[in-house]
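*Asks:* First the structure, which I've put down as structure tokens, then a few questions once you've had a look.
Only the coordinates and a few stated rules stand behind these numbers; no lab work does. Predicted, not measured: the structure shown is a model, and the values here were computed from it. Positions of Cβ are generated from backbone atoms using ideal geometry, with glycine treated the same way; all protein chains shown enter the neighbour counts.
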Amino acid sequence: MRNTAVLLIVIFLLSPLCPASAQSFRVGKGDLLSIKVYEHEDLTMNARVSADGTIKMPFIGSVKVSGMTGEEISEHLMRLYVDEEYLVNPQINVFIDEYRSRKANILGQVNEPGRYEIDEDTSIMVLVTMASGFTRRAYKKNAQIIRRVNGEKQIIEDVDMGEKVIPGDIIVIQESFF
């Protein structure tokens with residue numbers, strides 16, 4: 001228990017030093033965006049990315065945003081508003097408020113199995129920490145990943161705890177026999 005607490009403190013202290021920022025994450029379906037159009041409060045809004053990867057914006061309609069970063073979405077929206085001659089030199093910021101598309105599940109011998117938000121640098125060990133650590137019966141050397149690749153489910157055995165987790169993964173922590 002003490003080791004888990006120390007690990008949590010270390011992760012908390014080092015997290016600001018990680019190079020990944022919210023602006024580098026790619027948007028997916030279900031994510032919630034906060035769109036701020038300066039000096040045009042009527043265009044400022046929150047928008048959830050639909051199942052087809054689009055958001056609806058006033059005057060310009062459906063805009064495909066899936067797979068883009070917040071910065072790329074800002075630039076794309078500015079270009080669309082200028083091209084359609086609705087705004088001259090718009091200043092638009094997009095923030096990703098909620099990442100529904102960036103979650104992974106962890107099951108098995110962890111204290112709080114469940115679904116957790118992840119980022120590009122989340123490893124299996126970090127996900128274990130999010131799930132309040134291992135149970136006393138957990139096999140702590142490696143894990144199993146259930147992952148969809150090209151629409152097909154693959155089970156990857158004996159995965160190192162430092163392996164990166166990708167959205168949609170199911171991590172299984174096995175029980176130790178000793």
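*Asks:* Applying a 10 Å radius around every beta-carbon, put 40-49, 162-171 in order of their mean neighbour count, most first.
*Replies:* Result, highest mean Cβ count within 10 Å first: 162-171, 40-49.
*Asks:* Output needed: percent of Cα pairs per 5 Å distance bin for segment 36-139, bins running from 0 to the one holding the longest distance.
*Replies:* 2, 11, 18, 17, 11, 9, 9, 8, 7, 5, 3, 1, 0
*Asks:* Another question, then. For the cross-link pairs Lys56/Lys153; Lys36/Lys153; Lys29/Lys141; Lys103/Lys140; Lys36/Lys164; Lys56/Lys164, which exceed 28 Å when the distance is taken from alpha carbon to alpha carbon?
*Replies:* The answer is Lys56/Lys153; Lys36/Lys153; Lys29/Lys141; Lys36/Lys164; Lys56/Lys164.
*Asks:* Now for a different question. For the chain, what does the relative contact order come out to in percent, with C-alpha contacts under 8 Å and a separation of six or more?
*Replies:* It rounds to 20 percent for the chain.
*Asks:* Let me ask something additional. Computed from the mean reciprocal separation of all distinct C-alpha pairs, what Kirkwood hydrodynamic radius does the chain have, in Å?
*Replies:* Radius from the Kirkwood sum: 18.3 Å.
*Asks:* For the chain, with only Lys/Arg (+1) and Asp/Glu (-1) charged at the beta-carbon, what is the dipole magnitude about the Cα centre, in debye rounded to 20?
*Replies:* Its charge dipole is roughly 920 debye.
*Asks:* In segment 31-178, if the dipole is taken from +1 on Lys/Arg beta carbons and -1 on Asp/Glu beta carbons about the Cα centre, which of Ile173, Tyr38, Gln91 is farthest to the positive end?
*Replies:* Ile173
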